[in-house]
Amino acid sequence: MQAELKQRSRPTKSLKTNNPIMVSVGWRRYQTTPIYAREDRHGMYRMLEHTPEDVPCLAVFWGPLAPPNTRVVAVQSLADHESAFRILATGVVLNNHAAKIVKKSKRIGTPCKIFNDFALTNDMFTSDDEIDQFKDAKIETESGIGGS
């Protein structure tokens, strides 16, 4: 299920990806572990470690399907002896389309030869399996220069 969640102001702690929360969707309440993401300028969904403050983000989690625009409330899972609870995030259920979430990968290498429009790097991968995984992948530097 996909929902657009917005973290409440002054939460007790930040919402992290894969941390369990209690979700109330319509009449149903269950515990789940969401993955938070935001759409970047290229139309891809990038995974987030924490939810941003005062900005809605996409939360993907397992649960019984609910119709679009159903309200969602997330609370922290409670122990039996605690009676008080705090609402961590609120939002709505989105249309259940397939969203591919990608995780940002930071690779550090040393340039060995620099030409006018491209550079060759060393020590970026440790095994042949990693090299095969990243063949023909798009690369973007911190300054915004792209390549492959």
Give the range 21-46 a look and list any residue that's open to solvent by 60 Å² or more (accessible area, probe 1.4 Å) and in contact (Cβ under 8 Å) with a residue 24 or more places away in the chain, or say none. M22, R28, Q31, T33, M44, R46
Of all residues in the range 51-60, which are open to solvent by 80 Å² or more (accessible area, probe 1.4 Å) and either free of Cβ contacts under 8 Å to residues at least 24 places away in the same chain or on the phi < 0 side of the Ramachandran plot (or both)? E53
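Every residue, every condition in (1) over 30 Å from G63 (Cβ atoms); (2) modelled with pLDDT under 75, yes or no:
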residue	(1), (2)
T90	no, no
S105	no, yes
F115	yes, no
T126	yes, no
K135	yes, no
E140	yes, yes
G144	yes, yes
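Going through the range 29-47 one residue at a time, which ones are among the hydrophobic types (A, V, I, L, M, F, W, C) and modelled with pLDDT of 90 or more?
Result: I35, A37.
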Do we have any residue at all in the range 93-100 that's closer than 17 Å to R29 by Cα, at pLDDT 75 or above and open to solvent by 80 Å² or more (accessible area, probe 1.4 Å)? no
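The values are calculated or read from the model by the stated rules, or taken from the named source; none is laboratory data. Since this is a predicted model, take the numbers as computed values, not measurements. Ideal geometry is used to build each Cβ from the backbone, glycine not excepted, and the neighbour counts take in all protein chains shown. Each accessible area value is taken on the protein alone, full model and side chains, heavy atoms only, with ligands, DNA and RNA left out. Shrake-Rupley method; radii C 1.70, N 1.55, O 1.52, S 1.80 Å.
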